[in-house]
Each structure stands twice: as C-alpha cells, then as structure tokens.
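This report refers to the structure that appears directly beneath it.
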Amino acid sequence: MQFKVPQFLDIEDKIFGPFTFRQFAYLAGGGGLCFVIYRALPWYFAIFLILPLAGLSLMLTFYKINNKPFLNVIESAFKYAFASKLYIWKRRMKKKEDQEKEAQVAEDKKIEMRGATPLGTSRLKDLSWSLDVLDVKKGNEDELKNTQ
C-alpha cells in the first residue's frame, strides 16, 4: 500500500483572494489603525503617524529578505538590540608583570625549540619522518651486527 507524501508544506494557503491569512491580517490591521489615527487626529499630525504605519504594514505583508518574512528581521533586530553583548575583540591593556611573564614563557619556548629541529608544518608528517629515520637507523644497526 502506497501513501502520498505531502509536499509544499512551507507554502501558506491563500484564504482571502490572493492573500494568506497572515497577509490579510497585516493589511487589515494596518489599514484599520491608519483609519483610527486619521479620524482621531488632525490631518497634519496624522500624516506623520499614518505613513510609517502604512509602510510597516506593507513591508510586513509583502517584503521578504532571503525568502523569510520581514517579521523575522524585526524580531532579530529586537533580540540583538536588547540582548547583552560580549565584545571579545576589544584589546585590554596588560600589566607590566603579565608582559614580563609572557616574555619569559616565550623565551623558554625558544630555548626548548633550539634543541628540536622543526621538520614541517604537519605533526603527522613529522611522525612519519621520524619513524622512517628510526627504521633506517635500526636497519643500519642490524646490518652492522650481522657483519661483525
């Protein structure tokens, strides 16, 4: 028995003509608020509230960024604005004692590295090279023992 797998689950149904329920709610809500402001305030005050409100309503209805609704952008903006931030990239001034300790540690590392010869950038290559060298030395020692 075969079942049909639903497709296009992320597409909303068109309920009110060419608009989805969400789009219709944004348009009706924005239009209603614009009408209330128009009737409650004098025209020269109302225009300064109606234009941004109508623009926001139209953007919520039709504007998408990266195929995501504009509401997601507004939500992300509010989260970013009101969340605590940690600025890691700000450099802090170090105390002289800390600088001296770091200089001593760096000098100790340089002394340790003088005894070891850097073979390459990869530890795996270094390990394989050292194993090859040890095998060659071991082979030479075996040859010396056999000849004596």
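The values are calculated or read from the model by the stated rules, or taken from the named source; none is laboratory data. Being a predicted model, the structure only gives us computed values, none of them experimental. No Cβ is skipped: glycine too gets one built from the backbone with ideal geometry, and neighbour counts run over all protein chains shown.
Is one or more of the residues making up the range 117-129 at pLDDT 75 or above, under 30 Å from PRO18 (Cα atoms) and of a type outside the set (Ser, Thr, Tyr)? For the range 117-129, residues at pLDDT 75 or above, under 30 Å from PRO18 (Cα atoms) and of a type outside the set (Ser, Thr, Tyr): absent. When the range 34-70 is limited to residues that are among the aliphatic types (A, V, I, L, M) and closer than 22 Å to GLY17 by Cα, the one that is farthest from the chain's Cα centre (by Cα) turns out to be ALA54. Number of residues in the range 2-20 that are in a loop (DSSP other than H, G, I, E, B), on the phi < 0 side of the Ramachandran plot and out of contact with any helix residue (DSSP H, G or I) (no Cβ under 7 Å at 6 or more places or on another chain): the value is 11. The number of residues in the range 23-47 that are without any contact (Cβ under 8 Å) to a residue 12 or more places away in the chain and either surrounded by 11 or more Cβ atoms within 10 Å (Cβ to Cβ) or in contact with an Asp or Glu (Cβ under 8 Å, 6 or more places away or on another chain) (or both) comes to 10.
If you go through the range 7-19 one residue at a time, how many are surrounded by fewer than 10 Cβ atoms within 10 Å (Cβ to Cβ) and modelled with pLDDT under 80?
As a first pass, look at the range 7-19 and keep what is surrounded by fewer than 10 Cβ atoms within 10 Å (Cβ to Cβ): 7-11, 13, 17-18.
With modelled with pLDDT under 80 added as a condition, the list becomes 8-11, 13.
Residues flagged as surrounded by fewer than 10 Cβ atoms within 10 Å (Cβ to Cβ) and modelled with pLDDT under 80 within the range 7-19 amount to 5.
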